[in-house]
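> A single structure is presented below for examination.
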């Protein structure tokens with residue numbers, strides 16, 4: 001089954017991203033406002049162009065009719081605004097290859113998965129910075145009470161696509177490439 005394979009085969013790159021320099025303040029619970037802004041800037045610079053690339057595939061709506069509600073870059077930008085950040089944000093140019101729907105869904109696996117980890121991260125942010133969803137933590141709050149449900153719906157869509165396309169290796173490779181390129185981007189100055 002794809003879900004088991006993708007989790008196992010991306011685990012190393014997923015862990016590398018979690019342990020990247022940009023995420024260390026969160027994982028070590030040494031987060032301050034500046035390190036949090038840097039995290040948001042890096043997420044926006046990667047997620048925003050990736051969302052645009054994924055949205056080019058109109059077929060994706062056959063599996064995820066709620067795709068528009070899954071765009072996250074607007075929430076990141078809103079969080080930065082609420083935290084007083086008004087400068088230009090650099091956009092990543094070295095994105096994962098997205099030429100097929102399988103690749104788009106592999107990338108989306110990483111992005112949607114970030115909503116699950118975001119729940120833990122939002123708690124750390126709230127504890128360390130005394131912020132909440134309305135004061136700069138909307139991105140890491142994911143879909144709020146709907147986060148688990150939306151993740152399950154994504155998994156159902158990915159499983160249905162996998163059964164129809166029989167292209168699991170491409171999906172998994174795209175997810176791994178997303179983790180690798182995201183880590184590389186996050187660690188650039």
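> By how many nm would the segment from residue 151 to residue 61 grow when fully extended, if each residue of separation counts as 0.36 nm and the alpha-carbon distance is taken off?
30.8 nm
> Could you please state, rounded to a whole Å, how far the C-alpha centre of segment 64-95 is from the C-alpha centre of segment 34-54?
6 Å
> Compute the angle between helix 73-82 and the longest alpha-carbon principal axis of the chain, please, reported from 0 to 90 degrees and rounded to the nearest 10.
0 degrees
> Note the angle between two axes, namely the Cα long axis of helix 101-129 and the longest principal axis of the Cα atoms of the chain, as a number of degrees from 0 to 90, rounded to the nearest 10.
30 degrees
> Among 5, 37, 181, 149, what is the fewest-to-most ranking by other Cβ atoms within 10 Å?
Neighbour counts put them in this order, fewest first: 149, 5, 37, 181.
> Starting from the Cα gyration tensor of segment 1-91, take the square roots of the eigenvalues, sort them a ≥ b ≥ c, and report rounded, prolate or oblate (rounded when a/c is under 1.5, otherwise prolate if a/b is larger than b/c, else oblate).
Oblate shape, in that a/c is at least 1.5 and b/c is the bigger or equal ratio.
> Restricting to Cα atoms and excluding each atom paired with itself, what does the Kirkwood estimate give for the chain in Å?
Hydrodynamic radius (Kirkwood, Cα only) of the chain equals 16.7 Å.
> Let me ask something else. Taking 0.36 nm per residue of sequence separation and subtracting the Cα-Cα distance, how much length would be gained by fully extending the chain between residue 184 and residue 9, in nm to one decimal?
Fully extending the segment from residue 184 to residue 9 adds 61.1 nm.
> So between residue 29 and residue 126, what do we pick up on full extension, going 0.36 nm a residue minus the alpha carbon distance?
Contour length minus Cα-Cα distance gives 33.8 nm.
> For residue 21 and residue 94, what is the calculated FRET efficiency with R₀ set at 22 Å and r taken between the beta-carbons, to the nearest 0.05?
0.80
> Test of understanding: ordering 171, 54, 91 by Cβ neighbours within 10 Å, fewest first, what list do you get?
91, 54, 171
Coordinate-derived values only; no laboratory data. A quick note: this is a predicted structure, and the numbers were derived from the prediction, not measured. Neighbour counts are summed over all protein chains in view; Cβ atoms, including those assigned to glycine, are modelled from backbone coordinates with ideal geometry.
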